[in-house]
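Please read the structure below before turning to the comments.
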Amino acid sequence: MDTAPFAAIDSTLVLLTVEEAARRLQIGRTTCYQLIRSGELESIPVGRLRRVPADAPAAYVTARRTQNRAA
């Protein structure tokens, strides 16, 4: 199995597809859409497409870590 597409993260990307964001978070595509719908993961519409800002997955993880520390 070729893992090159998963290993290479293009740091020049400004927007990610939902699938790319899910891969970075190591979650499923459906779970990623649920996070977007709930507002936990930032996304923006681009025409008929849904894109996730490249820094949003890290912001989501930071928010979850902060939440867990407060609990």
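Only residues that are in a helix (DSSP H, G or I) and either modelled with pLDDT under 95 or of a type in the set (A, V, I, L, M) (or both): list them for segment 1-40, please. Across segment 1-40, the qualifying residues are A4, P5, F6, A7, V18, A21, A22, L25, L35, I36. The single condition from (1) surrounded by 13 or more Cβ atoms within 10 Å (Cβ to Cβ); (2) charged (D, E, K, R); (3) at pLDDT below 95 that R51 fails is (3).
Filtered by the rule that a residue be β-branched (V, I, T) and more than 10 Å from the chain's Cα centre (by Cα), segment 16-63 gives T30, T31, I44, V46, T62. Does S43 qualify as being at pLDDT 95 or above, loosely packed, with under 12 Cβ neighbours inside 10 Å and of a type in the set (S, T, Y)? No. Scanning segment 34-48 for residues that are over 15 Å from A22 (Cβ atoms) and touching a strand residue (DSSP E or B) at 6+ places or on another chain (Cβ under 9 Å) yields I44, P45, V46.
The values are calculated or read from the model by the stated rules, or taken from the named source; none is laboratory data. Not measured: the values here are computed from a predicted model. When we count neighbours, we look across all protein chains shown, and the Cβ atoms used for this are built from the backbone with ideal geometry, even at glycine.
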